[in-house]
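Peer 1: There's a structure below that I have some questions on.
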Amino acid sequence: MGTIWFCLVAVMVAMYVLLDGFDLGAGAIHLLVARTNEERRQVIATIGPVWDGNEVWLLAAGGTLYFAFPALYASGFSGFYLPLMIVLWLLILRGTAVEFRNHIQSPIWIPFWDFVFFLSSLLLAVFFGAALGNVVRGVPLDQTGYFFEPLWTNFRLGAHTGILDWFTILVGVQALLALMMHGGLWVQLKTHGAVSERAGKVAGKAWWGVLVMTAVVTGATFVLQPQVIANFHTWPAGYVLPLLAVASFAAVQFELHRKNERNAFLASCAYFLGMLTSVVFGVYPMVLPARNPAFSLTVQNAKAADYGLKIGLIWWVIGMVLVTVYFVYVYRLFAGKVSETPDSPGHGD
Amino acid sequence: MGSALDVHRLHFAFTVTYHYLFPQLTMGLALLLVILKTLALRTGDEHYNRAARFWAKIFGINFALGVVTGIPMEFQFGTNWAEFSKAAGGVIGQTLAMEGVFSFFLESSFLGLFLYGEKRLGRIGHWWAAFFVFLGSWMSGYLIVATNAWMQHPTGYRLNASGGIELASYWRLILNPWALWQYAHNMLGAVQTGCFVMAAVGAFYLLTKRDLRYGRTFVRLGVIVGVIAALLQLVPTGDFQGKMIAENQPATLAAMEGLFVSQEGAPLAILGQPDVEKRRLDNPLELPRMLSFLTYEHWSAHVQGLDAIPVNQWPDKIELLYYSYHVMVGLGTIFIAVMALSVFLLWRNKLFESRWMLWILMLSAPLPYIANTAGWMTAELGRQPWLIYGLLRTIHGASPRVGAGNVWFSLLGFMGMYTVLSILWLFLVYREIERGPEPENAQHAGETPLAAD
């Protein structure tokens, strides 16, 4: 039961990264690809009707994590107290910026929110990456099942780690570059003309950065987290996951050259899926590895009682069917490129 | 531990109180929007569609702030209340996760359609979009109230061999009798916020002699729905809540009422200041025997006072609890009077000319916010010293490793950020009201000078 919910939570987190990932990425390249007010309105319009729904995946994944692995939720969220508070503030700023930007047509109101949107998206990408880095590296859990990490200590991987050290910063940079690529491909797909062209170029440049960072971080991960090698050794079928990541990553560049915007974006989705499943596969059965492996939280010692988890399976499946229907409906309704004229706010209405 | 615990409590109290300023209007307006859309559909009168579009703009601003201030609530269960989460997550995680999966996706998907898709969806489709937004927000309300109700009155759980709390019956968690009454009471409070705000905007238009037809529609809808909600708020929902508290949380009832001494034929305190140290109510203005009657339907029934309860089981903020409860009940009574009088004048065809009544309606807009806040403070302070009533004390619920310094850091951060959000809300909502339901016809539809600040 623990393993099933481990997979289901992983699916929800992956959905969050794929979906909110493109709108975070769109934010992180916002000021780079769109120069005029009108171009920036187009970038915001590509995510306007969907960003809120995308972010719900974070809340829903959080809620599901809470109910399936209460001990992990308690330990992880209190241990990552400071970065999570900062993430919350960034989410508040970002949501406010997207929603309020178009309320007033003023030469200082709009650029202000554009900048807030850009900066909060960029920092969120880095923080989410660093958080993932912390999970892979392991945290200083002790026998009580708790830990507390300050934002940083000496940036080394000793006994007293901070949220930010050289490894987690590298993962943060990788996440930022990867999301810039992902967001660039999304904006390219959803806009016309100069914005679309610039977004494609940014994605293409970010691709090279992602290439380097993926190699560096993957190498470091094998050294830092022995469980990863052990898992791939035990279940060689798992190699299919990193292979998916590598193949789809190559496909991103290939499709960019062929100017197939849709396939390039889908390949990027597959890259994220491959990377995330590789990580999840690599740390299993741990849900939160400890620096001292004896204290790690696992699918067994962090899960809730089986009765609740079984009941949960029923409503979770029903809920996800409904969610799929909503998302297919909304994305189809807002399908196609956003309009270049402001009279029809974004969606050709 | 003491000082960190206090900051954790203040942190949650501040963020949740602030957050709930938005959902109460969202949930109340969602119902009123469905009514407006229904009227438009039934009468075929475009006036109601325009009215709905006007309120949809305010709804959108309010909803956005409800979302961004709501995300920290779910996080805080883990960040600030780790021991509580570890103990209870297997039970109340059910309702919280269901809220995300069933309500938030529904709301967020259909809100976009409701706000931007009117032309594309057509008349019937747009009504459904409004209905699904309403359904999502009201379902979300239920799942949150059910979570709180479990903390007030735990049902459907068992203790396992190691003393941990486990879910034993899903349906007893979901259909907790406490949740049903608390939900009804809570939603009526939200409806009253929606009604008072709508009526206040209508009264503002009538008093300033602009958008008269809209002003009359808003006032009429606000007071008709408002009087129903105000009455149901008292009886049966408030009444039953009181009886549940008397039965299950006797210490809470005694503290709420400022009843220090157990007695037969207990009086109901209308005014007075509790002196907890001397264990008495100063300057009491009381209705004799009323508390006994209201609680047990018997004029000389015995009511437990605080003296019958060990001090370590007393709520720890008795004064605040007493005032919260009295503010809630006092305002609730005023709401019935205001709404009933308005409906009476409406029936006599005098309401729209009675400027004094319109003044009262306009100035009353902040009051339901205060009453709803006081109501939740009564529920939360009343549950003390328990976090989960009878199972887990608040002192054992906080995150063991998160020190006071870190909690102050984030609390101050939230205070600063929420100050900015308050200014934005006031500014943007006032701007929509000022532009009115027909901005294309308004004399000054351009930018307000404030926009340049």
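The values are calculated or read from the model by the stated rules, or taken from the named source; none is laboratory data. Computed from a prediction, not measured in an experiment: that's the story for all the values here. Because the Cβ atoms are built from the backbone with ideal geometry, glycine has one as well, and the counts that use them run over all protein chains shown.
Peer 1: Kindly indicate whether any position in the range B:349-361 is out of contact with any His (no Cβ under 6 Å at 6 or more places or on another chain), without any contact (Cβ under 8 Å) to a residue 12 or more places away in the chain and part of a helix (DSSP H, G or I).
Peer 2: Checking the range B:349-361: at least one residue is out of contact with any His (no Cβ under 6 Å at 6 or more places or on another chain), without any contact (Cβ under 8 Å) to a residue 12 or more places away in the chain and part of a helix (DSSP H, G or I).
Peer 1: Ok, one more. Identify, by number, the condition in (1) touching a helix residue (DSSP H, G or I) at 6+ places or on another chain (Cβ under 7 Å); (2) facing chain B (nearest Cβ under 10 Å); (3) farther than 26 Å from A:GLY172 by Cβ that A:PRO107 doesn't meet.
Peer 2: Checking A:PRO107 against (1) touching a helix residue (DSSP H, G or I) at 6+ places or on another chain (Cβ under 7 Å); (2) facing chain B (nearest Cβ under 10 Å); (3) farther than 26 Å from A:GLY172 by Cβ, the one that fails is (1).
Peer 1: Among the residues of the range B:401-410, write down those that are surrounded by 19 or more Cβ atoms within 10 Å (Cβ to Cβ) and touching a residue at least 40 places away in the same chain (Cβ under 8 Å).
Peer 2: Residues satisfying the conditions are B:VAL402, B:VAL407, B:SER410.
Peer 1: Inspect all residues belonging to the range B:372-390 and state whether any of them is out of contact with any helix residue (DSSP H, G or I) (no Cβ under 9 Å at 6 or more places or on another chain) and modelled with pLDDT of 95 or more.
Peer 2: Looking for residues that are out of contact with any helix residue (DSSP H, G or I) (no Cβ under 9 Å at 6 or more places or on another chain) and modelled with pLDDT of 95 or more, one finds none in the range B:372-390, hence no.
Peer 1: Can you pull out the residues in the range A:93-104 that are facing chain B (nearest Cβ under 7 Å) and not hydroxyl-bearing (Ser, Thr, Tyr)? Steps first, please.
Peer 2: The initial filter retains those residues of the range A:93-104 that are facing chain B (nearest Cβ under 7 Å), namely A:95-96, A:99-100, A:103-104.
A:GLY95, A:GLU99, A:PHE100, A:HIS103, A:ILE104, listed by residue number.
Peer 1: Pairs, please: C-beta under 7 Å, at least 6 apart or cross-chain, first residue outside any helix (DSSP H, G or I) and in the range A:207-219, second at pLDDT below 90?
Peer 2: none
Peer 1: Here's something else I'd like to know. Of the residues A:PHE127, A:PHE112, which single one is within 14 Å of another protein chain (Cβ to nearest Cβ), over 18 Å from the mean Cα position of the chain (by Cα) and either of a type outside the set (A, V, I, L, M) or part of a loop (DSSP other than H, G, I, E, B) (or both)?
Peer 2: A:PHE112
Peer 1: Same structure, new question: Find the residue count for the range A:315-340, including only residues that are within 9 Å of chain B (Cβ to nearest Cβ) and more than 17 Å from B:SER108 (Cα to Cα).
Peer 2: 3
Peer 1: Let me ask something else. Only one residue in A:LEU119, A:LEU90 is closer than 30 Å to A:THR277 by Cβ and either within 11 Å of chain B (Cβ to nearest Cβ) or in a helix (DSSP H, G or I) (or both). Which one?
Peer 2: Step by step, each of A:LEU119, A:LEU90 is checked, and only A:LEU90 is closer than 30 Å to A:THR277 by Cβ and either within 11 Å of chain B (Cβ to nearest Cβ) or in a helix (DSSP H, G or I) (or both).
Peer 1: Regarding the range A:163-182, can at least one residue be identified that is within 14 Å of another protein chain (Cβ to nearest Cβ) and out of contact with any His (no Cβ under 7 Å at 6 or more places or on another chain)?
Peer 2: Initial filter on the range A:163-182 (within 14 Å of another protein chain (Cβ to nearest Cβ)): A:163.
The next check asks that each one be out of contact with any His (no Cβ under 7 Å at 6 or more places or on another chain); those that pass are A:163.
Looking through the range A:163-182, at least one residue is within 14 Å of another protein chain (Cβ to nearest Cβ) and out of contact with any His (no Cβ under 7 Å at 6 or more places or on another chain).
Peer 1: Further, regarding this structure: Does the range B:90-138 hold any residues that are among the acidic types (Asp, Glu) and without any contact (Cβ under 8 Å) to a residue 60 or more places away in the chain, and which are they? Spell out the reasoning first.
Peer 2: Kept after step one, since they are among the acidic types (Asp, Glu), are these residues of the range B:90-138: B:99, B:107, B:118.
Hits for the range B:90-138 are B:GLU99, B:GLU107.
Peer 1: Additional query: Mind counting the residues in the range A:305-314 that are more than 7 Å from chain B (Cβ to nearest Cβ) and of a type in the set (A, V, I, L, M)?
Peer 2: Count: 3.
Peer 1: Let me ask something additional. Could you check the range A:286-299 and list, in sequence order, the residues that are more than 24 Å from the chain's Cα centre (by Cα) and within 14 Å of another protein chain (Cβ to nearest Cβ)?
Peer 2: Correct list: A:PHE295 only.
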